[in-house]
């Protein structure tokens with residue numbers, strides 16, 4: 001069996017509308033991608049914990065899949081009438097194949113350190129003696145591939161020891177909290193404002209066979225921790241500074257991520273009221289900050 005696929009280059013303002021139109025016309029699938037994908041003009045758009053994507057790529061392409069019997073020319077004509085615009089397209093035939101297996105083959109384990117890997121459920125851990133965090137790609141709340149999450153994971157792998165109590169504030173998929181528990185933290189709590197994030201975190205904790213206390217802010221009983229990790233963005237980190245500081249024990253540590261390299265100085269000044277701040281690491285324009293409470 002084969003399918004018909006068309007690719008339409010279009011501006012970001014109309015890409016989503018066109019996508020909806022083709023779904024209404026019976027398309028099997030529709031995706032919006034970067035027209036410049038794979039070139040030096042490619043524009044990365046990430047959707048990690050706390051991040052809001054305000055716009056698609058300025059130059060987008062809409063990829064539409066139809067069954068083999070579809071009258072593509074008529075469907076495109078109907079879409080043009082609905083959108084009140086004309087556009088050119090490229091058509092190609094796509095052979096049927098095992099899409100699940102093909103998709104899975106694109107995702108390999110992520111090595112955080114030689115002793116810590118983030119592993120899709122269909123893979124085994126490359127190093128049998130390493131700790132593996134089972135987490136499948138495609139989650140809305142982060143899987144470790146983004147620099148903001150990766151830097152926190154590395155800090156956890158290098159610094160968490162058994163007697164520590166840890167809070168992951170803005171836990172998303174639960175990846176940081178689960179990793180902290182799996183590498184030996186005594187107690188780990190996770191908080192997020194999104195109920196779906198909490199549901200995702202609880203599921204991932206069960207898959208990884210660890211006990212982490214995940215909850216919404218209104219269920220969170222404030223206490224002090226040895227380590228507080230907040231992988232969110234600069235705006236909430238500004239607003240939550242006093243609260244996050246209050247959750248850290250004297251001489252305890254805070255890890256802040258989701259900060260652009262250009263925001264390091266400002267964020268360090270804000271948190272210097274309570275902490276001796278330093279830059280733990282920088283990756284791809286993002287910074288991870290470390291602080292020790294005074």
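Quick notes on this one:
- Test: residue in the range 187-199 that is in contact with a strand residue (DSSP E or B) (Cβ under 9 Å, 6 or more places away or on another chain), in contact (Cβ under 8 Å) with a residue 60 or more places away in the chain and under 18 Å from residue 116 (Cβ atoms): no
- Helices (runs of 4 or more DSSP H) fully within the range 1-116 that include at least 2 residues being modelled with pLDDT under 70 and out of contact with any strand residue (DSSP E or B) (no Cβ under 9 Å at 6 or more places or on another chain): 99-104.
- Residue under evaluation residue 276, criteria (1) touching a helix residue (DSSP H, G or I) at 6+ places or on another chain (Cβ under 7 Å); (2) without any contact (Cβ under 8 Å) to a residue 24 or more places away in the chain, criterion not met: (1)
The values are calculated or read from the model by the stated rules, or taken from the named source; none is laboratory data. Nothing here was measured: the structure is a model prediction, and the numbers come from that model. Using ideal geometry, Cβ is built from the backbone for each residue, glycine included, and neighbour counts are taken over all protein chains shown.
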